[in-house]
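> Please see the structure below; I have some questions.
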Amino acid sequence: MNVQTLPAEKGNFNLKDYEKTVENFDWTEIEKEFSWYETGKVNLAHEAIDRFADDSEKKNQVALYYSDANRDEQYTFEDMKKLSNKAANTLKDAGIQKGDRVFIFMPRSPELYFAIFGAIKIGAIVGPLFEAFMEGAVRDRLEDSDAKSIVTTPTLLERVPVDDLPQLDTVFIMGEDVKEEGPYYDFKSRLDKSSEEFDVEWVDREDGLILHYTSGSTGKPKGVLHVHNAMIQHYQTAKWVLDLQEGDVYWCTADPGWVTGTSYGIFGPWLTGTTNVVRGGRFSPQDWYETLQRFKVTVWYSAPTAFRMLMSAGDEVVKNYDLSNLRHILSVGEPLNPEVVMWGEKVFNLRIHDTWWMTETGAMMICNYPSMAIKAGSMGKPIPGVKAAIVDDQGNELPPHRMGNLAIDKGWPSMMRTIWNNEEKFNSYFELDGWYVSGDSAYMDEDGYFWFQGRIDDVIMTAGERVGPFEVESKLLEHPAVTEAGVIGKPDPVRGEIIKAFVSLRDGEEVTEDLKEDIRTFVKKGLSAHAAPRELEFRDKLPKTRSGKIMRRVLKAWELDLPTGDLSTMDD
Ligand code: 6R9
């Protein structure tokens, strides 16, 4: 394969000798940043908000720029402290206590962020939900976690089956003229009335912080529990990888319903005292470029699907905006196709830095830093303090260029502490000789860069050859007629599996036999004969999660006429 390499640049992680840093790195050094190093107790909300609000040089800095179609507001660190104190008082006065599960089910708004910090300040465990969840998805999560409380809006309340959830005794409604009766509380008027002063609950570093539900390919969604200790890694990766520096304006496009929207939409930026932009509403290329321009965003964290959508909007659109403040771009969630990296170079004149991690890992694990050369299509290298390897199905480490299980040595600070109510599931991650097994398949090259191949379940075995669907999808995307591609293995009596590609075409392209043949030949020439899709099917849209992942299991279910499983995370 011919790899395009983009040379190293300057950044916070300015260490020439990567290997030496990896060997000498000690997470306890980072702990000195936080209060527990002195007192033995900590609270993430104090470290992310209050300590800056109490600092005369930082308190008047804008912490949050919030905008959507109806609102346009800004809040300093001092404002954030007061408003999250009000939220903390509101929750506490209604009887919420340390360790209770408090769900947040509302569209993006400043109050969502106050509520999250308010809950953290009293030591509660936050359960963020996507606003698009329907009743079944809400029920599963509240039931499984024995939720005590939820903060929601009058519209979304219709999807909360309050009467069926006996544990759920405190329902805060953020609206006008809310009638208080039974479990219902008027969040807004209580916020308005409550005090701006609050003494945070000092917790242990191993106390619960956040519960993110994530769907596997089978079964109900599982609750991944993270603790306050995770902040060490949120903080350090925000420095090293997001490269956040004094004066930066940072925008993470992810919703807090997804781990990226909390670890890096809330924790990472604020733990480093950075000005954070939140834009509500749906994606449109104009709106996004406008947001970058208007807030003079310097660091931007988004996802491959979004970049691909911007790409297919055409390069003319971006020319109407002044994006000269932008200096660092990052991506997460799905493989970042080389095609997209090269597009980033062209239109932004910047490298897009891929980062790999999972809900379960809590924070970034394998990354491209400013100070290292990027190999387009690679996820980068493990951050110092993280040991990653490719292992076989017995847990033996494999040499470079062998495809296998992407696995991590236990002990990084932000690792999940359990799967809620399901210790067995939690233990199953560690069955291969104690390695944390990600479920992704990948290989490492001779320079220690990791290359994603697919979810283990998605890897295709065709005529004795292992093919990673990602490689084929990336090649398909390079074809001028194609905007999206999802590739699966389809059972075949002769070859075991054959490669089948679902493709959506650019506006104006028509499906013809010639085009099909052209696409097949394109992959054959670009990759290899065995990687070329034998079957092609055209669709207007491909099934994706809200975080932009192509749902190959849904494609497979369509193909084989099987049930599609839990679809609560599928985008509409
Ligand atoms: C943060 C997040 C985790 C799964 C992961 C992998 C895929 C994430 C990726 C990537 C290729 C990257 N994934 N980052 N694949 N390149 N840079 O996405 O968490 O929603 O739990 O998903 O996403 O398959 O195992 P989560």
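The values are calculated or read from the model by the stated rules, or taken from the named source; none is laboratory data. These numbers were taken from a predicted model, which means no experiment stands behind them. Positions of Cβ are generated from backbone atoms using ideal geometry, with glycine treated the same way; all protein chains shown enter the neighbour counts.
> I need the full set of residues from region 80-132 which are of a type in the set (S, T, N, Q) and closer than 20 Å to residue 260 by Cα, in order please.
If the condition is that a residue be of a type in the set (S, T, N, Q) and closer than 20 Å to residue 260 by Cα, then 109 is the only one that fits.
> Name the residues in region 33-73 that are in a strand (DSSP E or B) and exposed (fewer than 15 other Cβ atoms within 10 Å of the Cβ), would you?
Step one: of region 33-73, the residues in a strand (DSSP E or B) are 42, 62-67, 72-73.
Correct list: 72, 73.
> With respect to residue 136, determine if the residue is of a type in the set (Gly, Ala, Ser) and not in a helix (DSSP H, G or I).
no
> I need every pair where a residue in region 1-13 that is part of a loop (DSSP other than H, G, I, E, B) has its Cβ under 6 Å from the Cβ of a residue that is among the polar types (S, T, N, Q), sequence separation at least 6 or different chains.
8/371; 11/371; 13/371
> Check residue 267 against each of (1) of a type in the set (Phe, Trp, Tyr); (2) touching a Leu at 6+ places or on another chain (Cβ under 8 Å); (3) away from the ligand (no atom under 16 Å from the Cβ) and name the one condition it does not meet.
Residue 267 satisfies every listed condition except (3).
> Kindly state which strands (runs of 3 or more DSSP E) lie completely within region 364-467 and contain at least 2 residues that are touching a Lys or Arg at 6+ places or on another chain (Cβ under 9 Å) and within 16 Å of the ligand (Cβ to nearest atom).
388-391, 436-444, 450-455
> Mind listing whichever residues of region 158-173 are crowded, with 18+ Cβ neighbours inside 10 Å and under 15 Å from residue 94 (Cα atoms)?
At the first step, the residues of region 158-173 found to be crowded, with 18+ Cβ neighbours inside 10 Å are 159-160, 165, 168, 170-173.
Answer for region 158-173, where residues must be crowded, with 18+ Cβ neighbours inside 10 Å and under 15 Å from residue 94 (Cα atoms): 168, 170, 171, 172, 173.
> What is the number of the single condition among (1) crowded, with 22+ Cβ neighbours inside 10 Å; (2) within 26 Å of the chain's Cα centre (by Cα); (3) in a helix (DSSP H, G or I) that residue 519 does not meet?
So the condition that residue 519 fails would be (2).
> Okay, moving on. Within region 522-572, take every residue that is in contact with a helix residue (DSSP H, G or I) (Cβ under 6 Å, 6 or more places away or on another chain) and within 16 Å of the ligand (Cβ to nearest atom) and give me the one that is modelled with the highest pLDDT.
543
> Going through region 348-363 one residue at a time, which ones are more than 30 Å from residue 316 (Cα to Cα), near the ligand (Cβ under 9 Å from one of its atoms) and of a type outside the set (A, V, I, L, M, F, W, C)?
Of everything in region 348-363, those that are more than 30 Å from residue 316 (Cα to Cα), near the ligand (Cβ under 9 Å from one of its atoms) and of a type outside the set (A, V, I, L, M, F, W, C) turn out to be 359, 360, 361.
> Working only within region 419-458, note down all residues that are of a type in the set (Ser, Thr, Tyr) and crowded, with 18+ Cβ neighbours inside 10 Å.
429, 436, 438, 441, 443, 449
> If I go through region 305-333 residue by residue, how many of them are more than 16 Å from the ligand (Cβ to nearest atom), of a type in the set (Ser, Thr, Tyr) and modelled with pLDDT under 95?
Selection size over region 305-333: 1.
> Give just the number: which of (1) away from the ligand (no atom under 16 Å from the Cβ); (2) surrounded by fewer than 21 Cβ atoms within 10 Å (Cβ to Cβ) does residue 288 not satisfy?
(2)
> If you check every pair at least six apart or on different chains, which have Cβ atoms under 9 Å apart with a residue in region 84-98 that is at negative phi first and a residue that is among the acidic types (Asp, Glu) and part of a helix (DSSP H, G or I) second?
84/50; 85/50; 86/192; 87/111
> May I pose another question? Can you list residue pairs whose Cβ atoms sit under 8 Å apart, with the first residue in region 428-455 being without any contact (Cβ under 8 Å) to a residue 12 or more places away in the chain and the second being aliphatic (A, V, I, L, M) and within 15 Å of the ligand (Cβ to nearest atom)? Count only pairs 6 or more apart in sequence or on different chains.
431/437
> Among the residues of region 300-316, count how many are of a type in the set (D, E, K, R) and buried (at least 17 other Cβ atoms within 10 Å of the Cβ).
Counting residues in region 300-316 that are of a type in the set (D, E, K, R) and buried (at least 17 other Cβ atoms within 10 Å of the Cβ) gives 1.
> Out of region 499-514, which residues are closer than 30 Å to residue 464 by Cβ and either buried (at least 18 other Cβ atoms within 10 Å of the Cβ) or among the polar types (S, T, N, Q) (or both)?
The answer is 499, 500, 501, 502, 503.
> If a residue has to be within 16 Å of the ligand (Cβ to nearest atom), over 19 Å from residue 124 (Cα atoms) and touching a Pro at 6+ places or on another chain (Cβ under 9 Å) to count, how many in region 241-257 make the cut?
Looking only at that region, the number is 4.
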